[in-house]
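Engineer: Quick one: the structure is below, and I'll ask about it shortly.
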Amino acid sequence: MTEIDDTVVSVRYIVDDVQAAIDFYTTHLGFTLRTAHLPAFADVTRGPLRLLLSGSDSSGARATPTDAATAGRNRIHLVVDDLDAEIERLRSAGLSFRSDVVAGPGGRQILLADPAGNLVELFTPATPS
C-alpha cells in the first residue's frame, strides 16, 4: 500500500494541452514541475498544493463522465501579497481575467483562467483595522 502524504493537497484539472498548462502554471503562478508524462499527464506543485494536469489520454480524464466535463464554478485559491501588482504582472504577460476585482469583508479577489478554462482565484486577505 502507498503511504499518503497528508501535508499535500491534490487537485485534478482536466486540460486540453498538458504542455500549455505546465507553461501557464510554472511561468505565471510560481508552480514547480514535479513530473511530466506528455501528452497525457503532469503534476505541478506550489507549497502544499499538487495540481494534477490531466490531458485527454490520462486515466483521470477518461474517468470523467461526459456530462461533468465542462468547467464549473470550482477553482483553486491562491493567496498573493499584492493583488494589484499580480494583476499588472499577469496582464503585462498577455493574460486576461474572467472577472473584475471583487472586494468583501475577507479581502479582494479576481478570477484568471488557465489555457483550458479552469479557474484560478487570486486573493489578498483584508488588512485588519
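Engineer: Relative contact order for the chain: what percent, with Cα pairs under 8 Å and sequence separation of 6 or more?
Structural biologist: RCO, the chain: 23 percent.
Engineer: Mind checking the angle between helix 18-28 and the chain's longest principal axis? C-alpha axes, 0 to 90 degrees, to the nearest 10.
Structural biologist: Between the helix axis and the principal axis of the chain, the angle is about 30 degrees.
Engineer: Over the chain, what lengths in whole Å, largest first, do the semi-axes of the equivalent ellipsoid take, defined as the square roots of 5 times the eigenvalues of the alpha-carbon gyration tensor?
Structural biologist: After scaling each eigenvalue by five and taking roots: 26, 17, 15 Å.
Engineer: Which angle from 0 to 90°, rounded to the nearest 10, does the C-alpha axis of helix 83-92 make with the longest principal axis of the chain?
Structural biologist: So the helix axis and the longest Cα principal axis differ by about 60 degrees.
Engineer: Excluding LEU38 itself, what net charge comes from residues whose Cβ is under 14 Å from its Cβ, given Lys and Arg +1 and Asp and Glu -1?
Structural biologist: Counting the neighbours of LEU38, the net charge comes to -4.
Engineer: Oh, and also: Please give the FRET efficiency for ASP82 paired with THR7, using the beta carbon to beta carbon distance and R0 = 25 Å, rounded to the nearest 0.05.
Structural biologist: E(calc), rounded to 0.05, equals 0.40.
Every number here is computed from the coordinates shown, using simple stated rules; none is lab data. Just so it is clear, the structure is predicted and the values come from calculations on it, not from any experiment. Cβ sites come from the backbone with ideal geometry, for glycine too, and all protein chains shown count toward neighbours.
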